[in-house]
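Before any comments, here is the structure.
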Amino acid sequence: LWTTEPGVQLYTGQYLAPPSPGLEGRRYKAFSGFCLEPQVWPDAPNRPYFPQATLWPGQIYHHETEYRFRLPGA
């Protein structure tokens with residue numbers, strides 16, 4: 001994962017209610033996966049010492065994020 005965003009939020013699926021329905025009939029349990037979400041720091045509006053997260057009228061929001069995946073043995 002590479003990003004120009006200042007932070008990354010990690011979700012672990014810990015609150016999935018087992019068994020949660022998934023693709024192709026699979027059933028997922030808690031912690032069956034994770035998500036990496038590049039973003040500004042989630043509590044930035046309430047923390048003046050965090051990087052600014054407000055986008056004002058006329059401002060342009062532009063960040064880049066790149067995910068790279070490699071198969072085992074590749």
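Values quoted throughout were computed directly from the atomic coordinates according to the rules given, and no laboratory measurement underlies them. Keep in mind that this is a model prediction, so the values were computed, not measured. A quick note on method: Cβ atoms are made from the backbone with ideal geometry, for glycine too, and the neighbour counts reach across all protein chains shown.
Of 72, 40, 4, which is farthest towards the positive pole of the chain's charge dipole, taken about the Cα centre with +1 and -1 on the beta-carbons of Lys, Arg and Asp, Glu respectively?
72
Using modelled amide H (1.01 Å from N, peptide plane; none on Pro or chain starts), what sits under 5 Å from the amide H of residue 9, excluding residues fewer than 5 places away?
Hits under the 5 Å cutoff: 37, 39.
Return the inverse of the average 1/r over all pairs of distinct C-alpha atoms in the range 2-66, which is the Kirkwood hydrodynamic radius, in Å to one decimal.
Kirkwood radius, the range 2-66: 14.5 Å.
Would you mind ranking 66, 5, 24 so that the residue whose beta carbon has the fewest other beta carbons within 10 Å leads the list?
Placing the least packed residue first, the sequence is 24, 66, 5.
List the residues whose amide H sits under 5 Å from the amide H of residue 16, counting only those 5 or more places along or on another chain, with H placed 1.01 Å from N in the peptide plane.
Answer set, sorted by chain and number: 31.
Expected output is a single nm value to one decimal: the length gained when fully extending between residue 54 and residue 27, i.e. 0.36 nm times separation in residues minus the C-alpha distance. What is it?
Contour length minus Cα-Cα distance gives 5.8 nm.
Which residue, 38, 57, 19, has the most motion in a Gaussian network model of the chain that connects Cα atoms within less than 10 Å?
Among 38, 57, 19, the largest GNM mean-square fluctuation belongs to 57.
With labels modelled as points extended 7 Å from the Cα through the Cβ direction, what inter-label distance (nm, one decimal) is found for residue 5 paired with residue 74?
About 2.2 nm separates the two model spin labels.
In whole Hz, what ³J(HN,Hα) sequence does the range 68-74 give by Karplus (6.51, -1.76, 1.60; θ = phi - 60°), x for Gly and Pro?
Computed from phi, the couplings for the range 68-74 are 10, 10, 10, 6, x, x, 8 Hz.
First select every other residue whose beta carbon is under 12 angstrom from the beta carbon of residue 20; then total the charges, Lys and Arg +1, Asp and Glu -1.
With Lys, Arg at +1 and Asp, Glu at -1, the neighbours total +3.
Could you tally the net charge around residue 3, taking each other residue with its Cβ under 15 Å from the Cβ of residue 3, Lys/Arg +1 and Asp/Glu -1?
Result for the local shell: -3.
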